[in-house]
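Peer 1: Quick one: the structure is below, and I'll ask about it shortly.
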Amino acid sequence: MTVQSYDSLFINNSWVRPSTKGRLSVINPATESAIATVPEASKEDVDAAVLAARNAFDHGPWPSMTGEQRGDCIKELSQALQQDIPGLAQLITQEMGSPITFSMRSQAFSPIIVLDYYADLARKHAFEVKRPGMVSPVVCRSEPVGVVAAITPWNAPLFTMMLKLAPALAAGCTVVIKPAPETPLDAYRLAEAIEKTSIPPGVVNIIPAGREVGEYLVSHRQVDKVSFTGSVVAGSKIGSICGSQIKRCTLELGGKSAAILLDDVDLTATIPQLLPAALMNNGQACIAQTRVLAPARRYREIVDTLTDAVANLRVGDPLNETTDIGPLFAERQRERVESYIEIGKAEGARVSTGGKRPSHLEKGWYVEPTVFVDVDNSMRIAREEIFGPVVSVIPYDNEENAVAIANDSDYGLSGTVWTRDAEKGLDIARKIRTGTYTVNGMSMDFMSPFGGFKQSGIGRELGQEGLNAYFEYKTINMPADYKI
Ligand code: NAD
């Protein structure tokens with residue numbers, strides 16, 4: 001499949017020449033070859049994009065359109081993107097290496113479900129409510145927060161963009177999207193889809209760039225809110241800039257989630273679901289269940305079953321539908337994962353399968369899916385986000401101990417429990433300090449809030465709560481005799 005390069009940036013619904021000659025190369029991690037280039041936005045381009053978004057917010061029709069009208073526009077965008085889901089999936093796989101089956105479902109189709117959900121919510125939301133107050137009637141309004149800077153990572157490029165764009169549009173905000181410099185191509189597909197809709201000029205602007213220009217966008221005085229998905233290091237920097245300007249900010253950061261296998265676990269049913277939960281997207285997922293907590297009584301049995309299953313995963317060309325594990329997204333990511341494998345060994349954990357580069361693949365930034373056993377939760381491989389296909393199996397004595405280990409983490413994004421007793425699973429879920437939890441499986445419910453406790457972030461995406469994140473609430477106190 002040939003992949004298109006681009007010469008322009010998408011600003012004010014126009015294809016605009018960038019202000020510098022800087023370019024970003026997109027490298028297919030399976031072949032290590034450049035597949036396309038796009039312009040790298042500069043600070044001047046940020047100024048132009050923010051100005052377009054500011055004008056569209058302050059003077060354009062978008063914020064004052066009805067929820068129904070905005071919902072219709074969002075639906076048009078969903079329909080435009082749906083024209084070529086397989087093409088979108090193939091593009092994202094070539095950008096960053098997701099196995100194509102994962103790309104179809106999670107990278108290409110999920111963003112459309114998110115758009116449809118917020119199209120519906122925009123139509124239904126009561127943007128202005130009249131209600132009795134303490135002293136006199138009040139009119140409560142949900143008003144759009146303003147110009148939003150959306151900054152997204154490479155691992156789920158279109159999906160993370162949509163978690164911000166869809167609710168921001170539903171709320172009436174205008175948006176400047178800065179995709180990750182490694183994965184700008186799907187953002188160009190998004191721009192092409194926006195062109196096919198009635199979304200007015202300046203409402204969505206897309207400018208691929210790296211960290212420095214991203215920071216300039218975050219600091220921009222004409223930006224009212226930043227919504228960021230990425231690492232804790234960057235999130236902490238972005239949060240501090242927003243704090244210094246009292247700028248609204250949502251942070252979706254990393255994770256080190258625990259899958260607790262209870263003593264009664266049915267391994268035959270669990271392992272096929274636990275594998276994708278732990279290793280999805282080649283292990284490059286914030287919600288990956290990378291710590292498997294196993295009861296000491298069944299530790300060896302669980303280790304053996306998991307090790308066999310992981311050893312049988314098919315590693316290779318991510319465009320092949322039978323592939324389970326593709327390459328890491330970049331050479332530096334492979335180096336990072338390999339360094340953690342060495343750290344784990346040095347800490348005294350044992351590799352039961354994997355740990356090397358696959359010998360049958362000459363090109364591509366692959367690492368074998370790897371299981372570490374005899375892991376203690378104090379080890380770095382159990383505490384730090386590796387972001388690759390590496391799972392640690394940690395023994396526990398009793399359920400109280402399992403909950404304590406699961407909670408003994410700086411992160412609090414996701415978690416799972418696996419048991420024949422759903423009520424007991426729910427009881428465990430109530431005790432775990434994470435934003436999302438699943439009993440017997442690994443789900444992300446788009447109609448419900450998603451986000452992190454602790455260092456996994458601040459704020460929530462998805463659900464009604466994800467829409468609320470793009471509102472300023474205004475209370476208007478009316479005269480006592482005002483009829484509501
Ligand atoms: P990253 O933080 O390096 O970069 C993310 C984005 O932020 C990129 O667009 C990058 O250019 C930009 N950026 C980096 N520093 C910045 C700064 N100082 N100012 C402004 N922009 C800046 O993260 P990454 O390596 O691309 O992504 C992986 C991380 O993302 C992992 O930690 C993963 O857990 C996290 N993630 C979290 C979620 C979630 O919903 N919680 C989802 C996906 C990924």
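Peer 1: Quick one: order Arg350, Arg291 by neighbouring beta-carbon count within 10 Å, fewest to most.
Peer 2: Ranked by crowding around the Cβ, least crowded first: Arg350, Arg291.
Peer 1: Could you please rank Lys431, Lys483, placing first whichever residue has the fewest other Cβ atoms within 10 Å of its Cβ?
Peer 2: The order, fewest Cβ neighbours first, is Lys483, Lys431.
Peer 1: Work out the length of the dipole vector of the chain about its Cα centre, built from +1 on the beta-carbon of each Lys and Arg and -1 on the beta-carbon of each Asp and Glu, and round it to the nearest 20 debye.
Peer 2: For the chain, the charge dipole is close to 1060 debye.
Peer 1: Determine the distance separating the Cα centre of segment 241-306 from the Cα centre of segment 403-432; give it in Å without decimals.
Peer 2: Measuring centre to centre over Cα atoms gives 10 Å.
Peer 1: Relative contact order of the chain, please, whole-number percent, based on alpha carbon pairs below 8 angstrom and at least 6 residues apart.
Peer 2: Relative contact order of the chain: 18 percent.
Peer 1: Still on this model: Restricting things to alpha carbons, tell me how big segment 114-177 is in terms of Rg and Dmax, in Å.
Peer 2: 15.3, 51
Peer 1: I need Tyr299, Tyr366, Tyr482, Tyr117 ordered by Cβ neighbour count within 10 Å, fewest first.
Peer 2: Ascending Cβ contact count within 10 Å gives the list Tyr482, Tyr299, Tyr117, Tyr366.
Peer 1: Amide H to amide H under 5 Å from Arg248: which residues, 5+ apart in sequence or cross-chain, H placed 1.01 Å off N in plane?
Peer 2: Val226
Peer 1: In degrees, nearest 10, range 0 to 90: what is the angle between the Cα axis of helix 267-279 and the longest Cα principal axis of the chain?
Peer 2: Long axis of 267-279 versus the principal axis of the chain: about 50 degrees.
Peer 1: Here's a follow-up. Restricting to segment 258-445, compute how many DSSP beta bridges are antiparallel as a %, nearest 5.
Peer 2: 15 percent
Peer 1: Roughly how tilted is helix 185-195, in degrees to the nearest 10 and between 0 and 90, from the longest Cα axis of the chain?
Peer 2: 30 degrees
Peer 1: Moving on. For q = 0.11, 0.13, 0.16 Å⁻¹, what log10 I(q)/I(0) does segment 258-445 give under the Debye formula with an equal point scatterer on each alpha carbon and no solvent?
Peer 2: The calculated log intensity ratios at q = 0.11, 0.13, 0.16 Å⁻¹ are -0.44, -0.61, -0.94.
Peer 1: Which whole-number percent gives the relative contact order of segment 258-445, counting Cα pairs below 8 Å spaced six or more residues apart?
Peer 2: Numbers: 355 pairs, mean separation 51.9, N = 188.
Rounded, it is 28 percent for segment 258-445.
Peer 1: A further question on this structure: If I take every Cα pair under 8 Å that is 6 or more residues apart in segment 335-391, average their sequence separation and divide by the length, what percent do I get for the relative contact order? List each step's numbers first, then the result.
Peer 2: Values: 76 pairs, mean separation 21.8, N = 57.
Computed value for segment 335-391: 38 percent relative contact order.
Peer 1: Under a cut-off of 18 Å between alpha-carbon atoms, report the lysines in cross-link reach of Lys345, not counting same-chain residues fewer than 8 places apart.
Peer 2: Partners found: Lys356.
Peer 1: Here's something else I'd like to know. Which one, Ala480, Gln83, Leu261, is farthest towards the positive end of the dipole of the chain when Lys and Arg carry +1 and Asp and Glu -1 on their Cβ?
Peer 2: Ala480
Peer 1: Return the percentage of antiparallel bridges among DSSP beta bridges fully within the chain, rounded to the nearest 5 %.
Peer 2: The antiparallel fraction comes to roughly 45 percent.
Peer 1: Determine one quarter of the surface area of the Cα convex hull of the chain, which equals its mean projected area, and express it in nm² to one decimal.
Peer 2: 23.6 nm²
Peer 1: Lone cysteines in the chain, going by a 4.7 Å Cβ-Cβ cut-off?
Peer 2: Cysteines lacking a close Cβ partner in the chain: Cys73, Cys140, Cys173, Cys286.
Every number in this text was worked out from the coordinates using simple rules, so none of it is lab data. As the structure is a computational prediction, the values presented were derived from the model and not from experiment. Methodologically, a virtual Cβ is constructed for each residue, glycine included, from the backbone with ideal geometry; neighbour enumeration extends over all protein chains shown.
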